[in-house]
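The values are calculated or read from the model by the stated rules, or taken from the named source; none is laboratory data. Please read all numbers here as calculations on a predicted model, not as lab measurements. No Cβ is skipped: glycine too gets one built from the backbone with ideal geometry, and neighbour counts run over all protein chains shown. Note: accessible area is taken over every heavy atom of the protein model, side chains too, but ligands, DNA and RNA are not part of it. Shrake-Rupley method; radii C 1.70, N 1.55, O 1.52, S 1.80 Å.
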Amino acid sequence: MGTVALPDTWVYALRLPHDPRAARVARMTVRATLNGHGMHEVVDVVELLTSELVTNAYRHTRGPSSLRLTALGDGRLRTGVWDTSSHIPAPFDKPPGDRVPPPPADVTSGHGLLLVQEYADSWGGWPIGDGLLDRGAGKLLWFEVGGRRAGC
């Protein structure tokens, strides 16, 4: 009888209501999922960045959001957060090599998404349903960590 090898690719998805506790639920889900798959080295970074994206989805929209964790193999993990706004914020609106300057020190918001530049290997954002006949179905912001760093 042979042993069963667990796959190195998998996907988890979680629908989050428009609720101030959604970021906490997302952090707990990230931590449990990644620890369960032995991805201990990226737990803290993914938890932090996911919390920022889900918090922004709550603060800047009135609808639900969704979290998707995708193991791509070779130790890489892609995290995506969908929400109902079609606005793609910096740094997701630029290629990963383009750095976005930090907001002025006296501004109280806008600092969280810059963490993506510091800790993610790559990132991006896509509007969903933004065609002429579409009403707009929001956006997907994503980042990747783990494995070989982008551009290496």
Among the residues of the range 130-152 satisfying the criterion of being farther than 28 Å from R76 by Cα and open to solvent by less than 80 Å² (accessible area, probe 1.4 Å), which is modelled with the highest pLDDT? G136
For the range 88-108, does any single residue satisfy the condition of being farther than 23 Å from W10 by Cβ, more than 14 Å from the chain's Cα centre (by Cα), at pLDDT 85 or above and open to solvent by less than 50 Å² (accessible area, probe 1.4 Å)? no
Per the list (1) touching a residue at least 40 places away in the same chain (Cβ under 8 Å); (2) loosely packed, with under 15 Cβ neighbours inside 10 Å; (3) within 19 Å of V116 (Cα to Cα), residue check on R15 breaks on (3)
List every residue pair whose Cβ atoms sit under 9 Å apart, with the two residues 6 or more apart in sequence or on different chains, where the first one lies in the range 101-119 and is without any contact (Cβ under 8 Å) to a residue 40 or more places away in the chain and the second, anywhere, is of a type in the set (F, W, Y). Q117/W123
For the structure I just gave you, tell me whether P64 is over 16 Å from the mean Cα position of the chain (by Cα), farther than 19 Å from G147 by Cβ and open to solvent by 20 Å² or more (accessible area, probe 1.4 Å). no
Say whether the condition of being under 11 Å from F143 (Cβ atoms) and of a type outside the set (D, E) is met by at least one residue in the range 16-35. no
For E47, are the conditions met, namely being without any contact (Cβ under 8 Å) to a residue 40 or more places away in the chain and open to solvent by 30 Å² or more (accessible area, probe 1.4 Å)? yes
